[in-house]
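Derivation of every value follows stated rules applied to the coordinates shown; laboratory data play no part. Model, not experiment: these values are computed from the prediction. Ideal geometry is used to build each Cβ from the backbone, glycine not excepted, and the neighbour counts take in all protein chains shown.
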Amino acid sequence: MQLQGRQKRVSGGADKTIVLLTIAIALLTGLGVRLAHLQVAEGEYRRELADSNRIRLIPRRPSRGRILDRNGYVLAANKLSHSVFLEPMLLKAEQWPAVIERLGVYTGVPAEKITQKLRAAGYTSPYPVRILQGIDPQMVTFLREHSQELPGVKVDVELLRYYPNGPVAAHLLGYTGEISEQQLALKKDRGYRLGDIVGKTGVERLIDEALHGEWGGQQVEVDAAGQVARVIGELPPKAGQDVRISLDLSLQKAAEAALGERFYGAVVAINPRNGEVLAIASNPDFDPNVFSTGRISKTDWKNLQSVNRPLLNRAIRPYPTASTYKIIMTAAALESGKFTPATTLNTFGGLRVGNRFFREHNGRGFGRVGFVRALAVSSDTFFYQVGMRLGPDTIAEWSEHFGFGRRTEIGLQSESRGLVPTPAWKLERYKQKWYPGDTANMSIGQGLVLSTPLQNALMVSAIANGGYYPQPHLIKDSLPALTPVGLSPITLSVIRQGLAAVVTSGTAKVLRMPDIPNAGKTGSAEHGVGKGRRTHAVFVGYAPLQNPEIAVSVFLESGGHGGSNAAPIAKKIYQAYFAAKMQKHTSSKVKHVE
């Protein structure tokens, strides 16, 4: 009995040992499988996760390329400034609200705005999130003194866009700002990132990708406190390109000075041979530097939103073409075959068309004149008769030959296509029939005809360069694109004679300069209703007469008459252009003796 009991106890102990060994083996096997899974199946992932705790990427934004004028003068550059950033990875999501609340109090930036930026970047983003740009030295000192209260907040130096000439060429250059979420969605695959500074308008926007550059950064190892222990690797950022545009800074300044503060309007100067834009002035103007910091003072914002609309680029805004349209009327008349260069017509104090009486601008007429004289004195009744015989569709067709009714595709935002009305367009747009009076108005560039000062410059450029519509461009040394307008040599000669006569014996005698022979056309556009309203003043022209180098378009809102107010502005631009040319020519001949 005792022996049997002892055997049972030994057997029971063995069973327990086997069970324990089985459990131990199972646990060790499970642990081994798990370790193998972690090291083999998830090894790469786990190593990356560990590295992310000790290795971080510090991105470095590239410096934006400069914009230079055709002679190398700086139009847009960069200057050092201090900015405030958040570093999302340094804190957990639940730690940020308290820091953001405190930062908002210190900087005056609403906490909601800061939070919105952080959320857009993501709480695990390695890229710094910009909160403020261009802060003053006092703010820099204050934030650094309170850095212990602001974990995850960094004050760092970065480059700020700077326009050394202030408002000069502001409408053409445009301005920069932080990339929006909508812009980022379109540009992310081209190397753009949240926080990038991009062009918002003007040339800054047009050539943004050339100016932008490529991001770089440092890969660093950090300690438990998040401080940099050592730099593992570095990829220097690639700065954006310096881009030379066609603008001539000295001529731009002359155009803006000539326009002055007296008139609201625009001036455009173009090389008619290749379409290079030499100057575009629009008044009133603005200082693009106010946009560089991303925050605008109440005073600046109020000025920018005033009824004068200083942000509006009047060079690409539509206005009545006025009598400068008679250039197109002459081309249409002679090319239609319904008139010849020898055609003459009686002019009168006015003509009755339908139930309306259309007056001659001098109230009495100019006798019997041909196209050259009609252009010189800008006879309305002459061109009323021409227009009635041509009809609106023929006039519209030739307007389109000169680029009217479509955008020039110069690359500037909000460019208008202008308007070339036709009977079909009026019926569709207003559900009204076309009347003879509409044709009469159209014949002198009044009524529904609209064009931009830039389009006007291109129109007269086609006469200056021998009958080719030049594609306008802003980048220096771009290949010129010239499209034939379709003028015969005879038609071109008649128009040129007429525009030369405008200066020598017509409505722009103020432009008679023996040293700068030139040609052009004046215009005065009626607008608004009621007595006492002033007409818009318009002028287009080119110089010199032989091998023209510059074409000019001037438009003055409520500026009076083209001959008395717009043409003198063109005169100042011609003088500035040829004086600078002479100075360059003289200086190139000077021999330096050591």
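What the table below lists for this structure:
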item: Interchain or long-range residues, amide H under 5 Å from Leu419's placed H; result: Gly405, Leu450, Ser451
item: Positive-end residue, the stretch 488-571 charge dipole about Cα centroid, Cβ charges, pick of Val494, Ala551, Thr507; result: Thr507
item: R0 of 41 Å, Cβ-Cβ distance Val74-Glu112: FRET efficiency to nearest 0.05; result: 0.60
item: For the chain, the Rg and Dmax computed from alpha carbons only, in angstrom; result: 35.9, 155
item: Packing-based order for 392-401, 298-307, 107-116, using average beta carbon neighbours within 10 Å, highest first; result: 392-401, 107-116, 298-307
item: Electrostatic dipole magnitude of the stretch 270-422 [Cβ: Lys, Arg +1; Asp, Glu -1; Cα centre; debye, to 20]; result: 500
item: At least 27 Å along the helix axis (C-alpha) and Kyte average at least -0.5, DSSP helices within the chain; result: 2-36
item: Peptides 447-458, 497-508, 85-96 ordered by average Cβ neighbours within 10 Å, highest first; result: 447-458, 497-508, 85-96
item: Calculated [θ] (222 nm, deg cm²/dmol) that DSSP helices of n ≥ 4 give over the chain, each run adding -39,500 (n - 2.57); result: -11500 deg cm²/dmol
item: The chain, relative contact order in percent, only Cα pairs under 8 angstrom and at least six apart counted; result: 13
item: Mean Cβ neighbour count within 10 Å, used as a protection proxy, ranking 171-181, 483-493 highest first; result: 171-181, 483-493
item: Net length gained if the chain between Lys154 and Arg193 were fully extended (0.36 nm per residue, minus Cα distance); result: 12.1 nm
item: Inter-site label distance for Thr344 and Thr22 at 7 Å from Cα along Cβ, in nm; result: 12.9
item: Fully extended contour minus Cα-Cα distance, from Lys509 to Gln305, at 0.36 nm per residue; result: 69.5 nm
item: Pairwise centroid distance, computed over Cα atoms, of the stretch 295-340 with the stretch 71-99, Å; result: 40
item: For the stretch 56-221, convex hull of alpha carbons as volume per residue, Å³; result: 132
item: Cα-projected label distance for Ala579 with Lys433, points at 7 Å along beta-carbon direction, nm; result: 5.8
item: Counted charge near Asp438, where neighbours are those whose Cβ lies closer than 11 Å (Asp, Glu -1; Lys, Arg +1); result: +3
item: Rg over Rh, two decimals, the stretch 74-121 (C-alpha only, Kirkwood Rh); result: 1.12
item: Packing-based exposure ordering (other Cβ within 10 Å, fewest first) of Thr343, Thr324; result: Thr343, Thr324
item: Positive-end extreme of charge dipole, the chain - chosen from Phe291, Pro470, Tyr325 (charges on Cβ); result: Tyr325
item: Among Gly195, Pro164, Leu68 - extreme Cα towards positive end, dipole of the stretch 56-221, charges at beta-carbon; result: Leu68
item: Cut-off 13 Å between beta-carbons: net charge of the residues surrounding Leu132, Lys and Arg +1, Asp and Glu -1; result: +1
